[in-house]
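Below: the structure, in structure tokens.
The values are calculated or read from the model by the stated rules, or taken from the named source; none is laboratory data. Keep in mind it's a predicted model, so treat the numbers as computed, not measured. FYI the Cβ positions are ideal-geometry reconstructions off the backbone, even for glycines, and counts take in every protein chain you see. Side chains included, ligands, DNA and RNA excluded: accessible areas come from the protein's heavy atoms. Shrake-Rupley method; radii C 1.70, N 1.55, O 1.52, S 1.80 Å.
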Amino acid sequence: MWWDERVSARFRRNLQPTLTYWSVFFSFGLCIAFLGPTLLDLRCQTQSSLSQITWVFFSQQFCLLLGSCLGGVFKRTLAQSLFALFASSLAISLVFAIIPLCHNVVVLAVVMAVAGLAMGCIDTISNMQLVKIYQKDSAIFLQALHFFVGFGALLSPLIADPFLSDTNCILSNSTANASSNLPHIRKSLVPHHPGNLSHYDLPMKGMVVTRVSYAFWIMALINLPVPIAVFFLLYKERMVPCFKSSSHPLLSADELAMETRPAEKDDLSTAVQRPPAAGGHDDLFSCCQSKNYRGASYTYFAVHITGALVLFMTDGIVGEYSGFIYSYAVEEPLSVVHKVAGYLPSLFWGFITLGRLISIPVSYRMKPATMVFINVVGVLITFLLLLIFSYSVVFLFVGTASLGLFLSSTFPSMLAYTEDILQYKGCATTVLVTGAGIGEMVLQLLVGSIIHDQGSYSFLVCGMIFGGLAFTFYAFLLFFHRMYPKPSSDMDDASPDKPAVMDDTGQYQR
């Protein structure tokens, strides 16, 4: 194996939970990318206008953000976390099965809101659990986790494509004229952004002819093994209600340290052991309680904030670029034909998935801090070159692929790096996941309004600015990392005169 025996042994010991968390993230990816390509067929199914149906995007994205904030609520015991993952993954299968039965746009929006909550919980809990299991070795497993998001995001549009309507799926007198707009509109909705559709007029009344229901039922069946896998993990850990054993608490810092420290030092660490439910990785609301910050240095807050701001920018770039690259390409000066421009979002997501696959072995050899540095610098240089060669269609494709590669491993690398700085006891996972979700939602709306007012060229200018801000915030993170209190050495831990214990806020008390 291309990793050392210690990591390999740790992976074998945690094989079932690791594979389960990876599979749950596949559900996340499957659910995040299907809405864009199928939205026009869902508009027909609900017989709603384009402006009405695009509210479904907002309900999913907003509740995804809310679910990310609430995910940490289920962190106190392993049973709570696994039951939350079981309910969330099962909810996604049920959502896929129920969507074909939603003939009202409000009902569809509510169903997608439920899917968003489930996705948010999956996002926070799966990242959190892998960090808790592997700690300093978590980077490689986080890279694999996020590969499964990309794999799911690639698979769901492929499943949906054979069942999408080639012409307008509401038959009326105006169908012939409206159908000519369909390719342009459909590509504008890939992968999950509604764009500006107010100038399109499609019929709302008539006979509905769509086969998209079959795509959703296929995705429901494909996703069904995921909640079954979570249930088997619950069964193995004797957490199914029919077993009367108590739920297992999540590993404390001292229990995790037992895997890497010599045995003679384990007895010493138990003298300062905290209750299993204490420690970091709270939900966002618990993280905001003032009692958690007593005695915390300003660098503790600064590491959380700068890490979240880096992901606010980089995940925001993913959202705005995938949402508007098609619209940018078909406008002047490039004027790419619609069919060719439609490959750009797919190329972008394809290279994000490829980059996450490549990052799995690379992350074992390279430190997370180095990977994030390469990513943010690569994003900045790519946008600079896209601006310089803004009249080149060929370079637009090359730059799109390059941008996907550089953005692919930013989130897992940043999560591993920030948690390592905080010694896995801050609120980094919850804060970073929330910051990334807010960035993806806010920057899409911001860039959409700027493009509408200033023209398509501002799309690349915005990307350049966001890339520059991501690099700036990362530089601040490096600065605060150097100033953050270092953990005491093992000898200091062994000394009764100078104990160093990490409290619930992530800083050290002496």
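Each listed q (0.10, 0.11, 0.12, 0.17 Å⁻¹) maps to a log10 I(q)/I(0) for the range 296-485 from the Debye sum over equal C-alpha point scatterers, namely -0.40, -0.48, -0.56, -1.04. Rolling a 1.4 Å probe across the protein heavy atoms gives the range 3-129 an accessible surface of 30 Å² per residue.
Taking 0.36 nm per residue of separation and subtracting the Cα-Cα distance, full extension of the segment from Met483 to Leu334 would add 48.9 nm.
With 0.36 nm allotted per residue and the present C-alpha distance subtracted, the Arg12-Ile388 stretch has 130.5 nm of extension available.
Looking at the range 354-462, the chymotrypsin sites (Phe, Trp or Tyr not before Pro) that sit in a DSSP loop and have at most 11 other Cβ atoms within 10 Å of their own Cβ are Tyr391. You can think of it this way: the chain between Trp217 and Val442 has 77.8 nm of extra reach, that is 0.36 nm per residue less the Cα-Cα gap.
Net charge near Ile159: determine it from the other residues with C-beta under 15 Å of the C-beta of Ile159, scoring Lys and Arg +1 and Asp and Glu -1.
Details: positive: Arg211; negative: Asp41, Asp161.
So the surrounding residues net to -1.
Carbon-plus-sulfur accessible fraction, the range 296-485 (probe radius 1.4 Å, protein heavy atoms only): 73%.
Distance from the C-alpha centroid of the range 1-55 to that of the range 92-140: 8 Å, rounded to the whole angstrom. Ellipsoid fit via the Cα gyration tensor, the range 19-171: semi-axes of 31, 16, 11 Å, each the root of five times an eigenvalue, largest first.
The Cα atoms of the range 344-455 give a gyration tensor whose axes a ≥ b ≥ c have a/c of 1.5 or more with a/b no greater than b/c, which makes the shape oblate.
When the Cα positions of Val310, Thr418, Gly378 are compared along the charge dipole of the range 296-485, Thr418 comes out farthest toward the positive end, with charges on each C-beta of Lys, Arg, Asp and Glu.
Remark: the range 296-485 carries 37 Å² of accessible area per residue (probe radius 1.4 Å; ligands, DNA and RNA excluded).
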